[in-house]
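Contents: one structure, followed by commentary.
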Amino acid sequence: MPLSPLLMVLTIPSPLLVLLFCNSAAVSSQLAWTQIYVGSNSQVDLWTQKSEGCRCNHDLLRQDCACCVPQGGCQCGALALNRCAQCGLEQHCTNMCNVTIKADMLLARSNSTFGQIKSPAMSGPNYCWYTLDPGYERRVELQIYRLINVGHFNGSSCVSGHLELVDSFGQGSGPRICGKDERLAPPIIMFADRESAVLNFRIEEATSRSQFLAYFSFTSLTNVHGLAFRPKGGRRIEHTICDWLYQDFSCNKDSCTLASPGFPGIYGTNLYCKYHITTSSVHTQVRLQFLTLSLPLNHCGTHYISVYQGPTSNSPLITTICDKSKKDHTFPGPNVLLEFRAGAAIPPYDYTGFVATIEFIDDVSTQSASTAATLEVSPYPAIAVQRNLRNEQTCEMTIKSADIKSGHFDLRGMQNWKTNCTIRFEGKEPEIVHISLFNYVLKASSCESFIEIYDGPDVRPKDKTKRLCSPVENHARDTNGMFRERQMFVSSGNHMTLFVRRLMANNQNEETEFLDGAYSFFNVLERGTLQPETLCDVNYNGRSSSSRGKLKHPGTEQIFWNVEGQLRCSQNLIPATNQSISIKVISLNKMSSDLCYTECGDNGCRCVKNATSIVDQLYVISTKDDILSCICGDFQAEWLPVTVKSWSPIKLVYSVSKYSWSNKGFEYSAEYSFKDDMVCGYRVINQHTGILESPIMIRDSPLNFYYHQDCTWLLDSNVERHLTIEIGSSQSRPCTAWNISIHEYSERSDDKAGQVLYTFCPRDKNATNTLPWQMNIVVIKLRAMTQTPPQYYIKWRSDVDRARLSGSTAHTAAANRSLKLTNNWTILLITIIFVYVKQMKNS
């Protein structure tokens, strides 16, 4: 096995001194760097021992060529008789510019994976590149120790030239340095973490001589001196420059490690790196310990670490870390976000970034046993744990809604949990039980371990709704850190039971089989009927629900702990026949979004935004998903209350663009009321003549009170007559406020309304329509969304067309005569056939 690159330097048989040191044990102090320099006047450079006195490889008769280092040095040949270079790079002796250096090639030619880059002394403007390919299981390390006329730092960034190391990902800026005449001791250290890297040497101004000198090393990723540092336990997020994901179940019992890009070298410029830390359990906390923290002093405005309690930078900011002020931090889950921001590189480039460990701590505690099974609740969030066992093989726990309405249960908190465990959820009338399973691990074979859910207070086969058999494993999050689809169960009554059977672990190091999740007791009378397969969609029915009630924002119960991203909950209010429903939004938090604002007018309040923008909003929609009113952004508080009154079902939709347990959505309060009235609905009318007039309605509120009407009348005159319909109004309103339409009858639609024959707008004042002959069934619809109740009348009559009627009578008489004649001839023919058949039989 070849020696590591840095140790191989020590084997060079010359007075050349190479000093290697990296204090990986004392990581709390500033990590040292590798110092490489020539320490003897008897050696010309890294690969040349003497400038002459050795046989020339290109001409064996000559003895005036340079003498090379025995291990790894090769003569430059006729172009530079007095110099040696590293074997594999000797063709670049006189002009080391635009070069590809491969570790595998160097190892084969010189038995080394390190070397020196000495750029040509060139006049600017000019440019050179150096591609460094480390090969398998190595990383690129650069040590810059000399800069001559390579741009300059203007106080905020490098201008007129720079030296920059960019990795193969091809995005963002790598470490970028500059300097007029710098002898760097110790050198500036750079690392590239992804496959090959490119060192760009760029001069953008007129210079007489610009040059840099550097050492490179393809450092093994198994290097024990810390120079091969890489994050532990995390996963780089694809298609990002420097984002990482750390999950509790990936770290197992060991701590994870994260670091700034390129550690222990200087990190890149203008970086924005995100480190997502997620937990899969409610009670798991995150402990963050900085082992090394080295950021430029007095530059907290451009070089800093922000820690957020949540998945995005819109989440609450916990702390900001900069300079060298490292300390330990502990945060609750389920999401912690570290954002590392770095501006331009700051001379003298003596900082290396940071290294931190992440430890996931399970904070589930149990109390001493007592004489009865009770409930203990932890402060964040509610956790139910068992406190009593009645025998050696079973454990039981009862969670009552009288004690707490929602919470979290975790069997890992039961230190004496035996083979069989029963958890009973006991609600009060008219409550139901809502359960969500977050995490479970059953490792036994062939269903020796299992979880069973029963819809009722006891473990009875007829009540079993689900069985999960071992081996099976589920985590709240997937490998990308996203919450998985929720496993939810809803009882039909006020009881639900969980029965868990597990096998004991064989040793302490083996993971214990467990189950954890959340529960909520849901009052159907107060909060509506929870819809199947939904988290928060409910129905209020005019005849079965309370006639009046309050509505409020969801998302505060522990059942929402594993919700992340967009949250949409709807409260569907369904009036019965001859009923109306009113929704009044009373109060609402400001929804801070520059992407949306609210406008209120005669046709309701509307959210003005880009069609593709997803923003926080509260809106009322019809059964056809027409938005009747919408509130978003920084609306005017004096616009409240906003009320919508309807005679058909409407929904109040609560939509949060980015929900998380640590950063919940906006708050609101509203009221609803069902009232008996016959203003609007669906009516079938069989009268040949009649009139419909708008009812008298008094506005209940002077501001932002809207009437939504979707009325349907089916006129069935049931005679072959001309149907004439007259519509009129004393109002002069636009069609968007309200209109009346006449439709053909159609069996294909629920309301029997087919193609539109005519639409009446209030500004028409009066219109009369005579429908085609025999069109004796039509549908009339009134649609309104307005602050002013519609005023209208609809008259209809069925007129007899005597010409058509007489023509129809003559035609019928002729048809009857023809039918009678036909019948006579048929009888005669049958008689003849009968007589003939009878004669044939007699003969």
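The values are calculated or read from the model by the stated rules, or taken from the named source; none is laboratory data. Owing to the predicted nature of the structure, the values given are computational and were not obtained by experimental measurement. Ideal geometry is used to build each Cβ from the backbone, glycine not excepted, and the neighbour counts take in all protein chains shown. Surface accessibility is based on the protein's heavy atoms, side chains included, excluding ligands, DNA and RNA. Shrake-Rupley method; radii C 1.70, N 1.55, O 1.52, S 1.80 Å.
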- Message: Could you go through the range 744-766 and let me know if any residue there is farther than 30 Å from Y706 by Cβ, out of contact with any Phe, Trp or Tyr (no Cβ under 6 Å at 6 or more places or on another chain), modelled with pLDDT of 70 or more and among the basic types (K, R).
- Response: yes
- Using the structure shown, decide if D676 is among the acidic types (D, E), farther than 17 Å from M775 by Cβ, in contact with a Leu (Cβ under 9 Å, 6 or more places away or on another chain) and open to solvent by 10 Å² or more (accessible area, probe 1.4 Å). no
- Query: Which condition number does D602 fail, the rest of (1) at pLDDT below 90; (2) among the acidic types (D, E); (3) within 29 Å of the chain's Cα centre (by Cα) being met?
  - Reply: (3)
- Query: Based on what the data block shows, is Y145 surrounded by fewer than 23 Cβ atoms within 10 Å (Cβ to Cβ) and in a loop (DSSP other than H, G, I, E, B)?
  - Reply: no
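Pick from the range 66-78 the residues that are open to solvent by less than 80 Å² (accessible area, probe 1.4 Å) and part of a loop (DSSP other than H, G, I, E, B): which of them is modelled with the highest pLDDT? Step through it out loud before you land on a result.
Our first condition is that a residue be open to solvent by less than 80 Å² (accessible area, probe 1.4 Å); within the range 66-78, this holds for 66-69, 71-78.
Add one more test, that the residue is part of a loop (DSSP other than H, G, I, E, B), and what stays is 69, 71-72, 76-78.
Values: V69: 89, Q71: 85, G72: 88, C76: 92, G77: 89, A78: 88.
If we take residues in the range 66-78 being open to solvent by less than 80 Å² (accessible area, probe 1.4 Å) and part of a loop (DSSP other than H, G, I, E, B), then C76 is modelled with the highest pLDDT.
Regarding the range 81-103, can at least one residue be identified that is closer than 30 Å to Q49 by Cβ, open to solvent by 30 Å² or more (accessible area, probe 1.4 Å) and touching a residue at least 40 places away in the same chain (Cβ under 8 Å)? Write out each step before concluding.
If we filter the range 81-103 for residues that are closer than 30 Å to Q49 by Cβ, which is where we start, we get 81-103.
Now narrow it down to the ones that are open to solvent by 30 Å² or more (accessible area, probe 1.4 Å): 81-83, 90-92, 94-95, 98, 100, 102.
Next, only the ones that are touching a residue at least 40 places away in the same chain (Cβ under 8 Å) stay: none.
No, every residue in the range 81-103 fails to be closer than 30 Å to Q49 by Cβ, open to solvent by 30 Å² or more (accessible area, probe 1.4 Å) and touching a residue at least 40 places away in the same chain (Cβ under 8 Å).
Yes/no per residue for (1) modelled with pLDDT of 90 or more; (2) closer than 30 Å to I237 by Cβ; (3) open to solvent by 20 Å² or more (accessible area, probe 1.4 Å):
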site	(1), (2), (3)
C469	yes, no, yes
R484	no, yes, yes
T497	yes, no, no
M504	no, no, yes
Y519	yes, no, no
H553	yes, no, yes
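Within the range 529-556, track down each residue that is within 20 Å of the chain's Cα centre (by Cα) and in contact (Cβ under 8 Å) with a residue 12 or more places away in the chain. Outline the logic, then answer.
So in the range 529-556, the residues within 20 Å of the chain's Cα centre (by Cα) come out as 534-536, 554-556.
Result: L535, C536, P554, G555, T556.
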- Which one is farthest from I148 (Cα to Cα) among residues in the range 160-188 that are open to solvent by 10 Å² or more (accessible area, probe 1.4 Å) and aliphatic (A, V, I, L, M)? V166
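In the range 189-208, how many are surrounded by fewer than 17 Cβ atoms within 10 Å (Cβ to Cβ) and of a type outside the set (S, T, N, Q)? Walk me through how you get there before you give the answer.
From the range 189-208, those surrounded by fewer than 17 Cβ atoms within 10 Å (Cβ to Cβ) are 194-195, 200, 204-206, 208; that's our starting set.
Filter once more, keeping what is of a type outside the set (S, T, N, Q): 194-195, 204-206.
Residues meeting the conditions: 5.
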- Task: Determine, yes or no, whether E744 is outside any strand (DSSP E or B) and more than 30 Å from Q636 (Cα to Cα).
- Result: no
- Query: Looking at (1) open to solvent by 10 Å² or more (accessible area, probe 1.4 Å); (2) assigned to a strand (DSSP E or B), which is the only condition R139 fails?
  - Reply: (1)
- Task: Return the only residue of G124, G155 being surrounded by 15 or more Cβ atoms within 10 Å (Cβ to Cβ), of a type outside the set (V, I, T) and out of contact with any Phe, Trp or Tyr (no Cβ under 6 Å at 6 or more places or on another chain).
- Result: G124
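Within the range 146-156, how many residues are touching a Lys or Arg at 6+ places or on another chain (Cβ under 9 Å) and either at pLDDT below 90 or of a type in the set (A, V, I, L, M, F, W, C) (or both)?
The number of residues fulfilling the criteria is 3.
Could you please let me know if S250 is outside any loop (DSSP other than H, G, I, E, B) and open to solvent by less than 20 Å² (accessible area, probe 1.4 Å)? Show your work before the answer.
Numbers: outside any loop (DSSP other than H, G, I, E, B): yes; open to solvent by less than 20 Å² (accessible area, probe 1.4 Å): no.
Judged against the criteria, S250 is not a match.
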- Within the range 309-366, restricting attention to residues that are under 24 Å from the mean Cα position of the chain (by Cα) and among the polar types (S, T, N, Q), which residue is surrounded by the most Cβ atoms within 10 Å (Cβ to Cβ)? N335
- Message: Contact list please: Cβ distance under 6 Å, first residue in the range 302-324 and part of a strand (DSSP E or B), second residue among the aromatic types (F, W, Y), pairs at least six apart or on different chains.
- Response: I305/F340; L317/Y308; T320/Y304
- Query: Among the residues of the range 25-65, which ones are at pLDDT 50 or above, farther than 25 Å from Y145 by Cα and open to solvent by less than 80 Å² (accessible area, probe 1.4 Å)?
  - Reply: G53, C54, C56, D59, D64, C65
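Which members of the range 570-622 meet the condition of being in a loop (DSSP other than H, G, I, E, B) and of a type in the set (A, V, I, L, M)? Spell out how you get there, then give the answer.
First, the residues of the range 570-622 that are in a loop (DSSP other than H, G, I, E, B): 575-578, 589-595, 602-603, 610-616.
Hits for the range 570-622 are A576, M591, L595, A611, I614, V615.
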- Message: What are the pairs with Cβ atoms under 8 angstrom where one residue, in the range 688-699, is within 19 Å of I727 (Cβ to Cβ) and of a type in the set (S, T, Y) and the other, located anywhere, is open to solvent by 40 Å² or more (accessible area, probe 1.4 Å) and part of a strand (DSSP E or B)? Sequence gap at least six, or different chains.
- Response: T689/R797; S694/Y793
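Can you name every residue in the range 79-109 that is assigned to a loop (DSSP other than H, G, I, E, B), in contact with an Asp or Glu (Cβ under 8 Å, 6 or more places away or on another chain) and not charged (D, E, K, R)? Steps first, answer last, please.
First, the residues of the range 79-109 that are assigned to a loop (DSSP other than H, G, I, E, B): 79-83, 87-89, 93-98.
Still in the list and also in contact with an Asp or Glu (Cβ under 8 Å, 6 or more places away or on another chain): 81-83.
Scanning the range 79-109 gives L81, N82.
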- Of (1) in contact (Cβ under 8 Å) with a residue 12 or more places away in the chain; (2) more than 30 Å from D677 (Cα to Cα); (3) not in a strand (DSSP E or B), L468 satisfies every one except (3)
- Message: Being in a strand (DSSP E or B), open to solvent by less than 30 Å² (accessible area, probe 1.4 Å), of a type in the set (D, E, K, R) and out of contact with any Asp or Glu (no Cβ under 6 Å at 6 or more places or on another chain) narrows it down to one residue among E452, E473; which is it?
- Response: E452
- Which residue out of S741, S655, S701, S660 is at pLDDT below 90, out of contact with any helix residue (DSSP H, G or I) (no Cβ under 9 Å at 6 or more places or on another chain) and crowded, with 16+ Cβ neighbours inside 10 Å? S660
- Is it the case that the range 283-292 has a residue that's of a type outside the set (V, I, T) and part of a loop (DSSP other than H, G, I, E, B)? yes
- Message: For N603, only one of the following conditions fails: (1) open to solvent by 50 Å² or more (accessible area, probe 1.4 Å); (2) free of Cβ contacts under 8 Å to residues at least 60 places away in the same chain; (3) farther than 30 Å from S470 by Cα. What is its number?
- Response: (2)
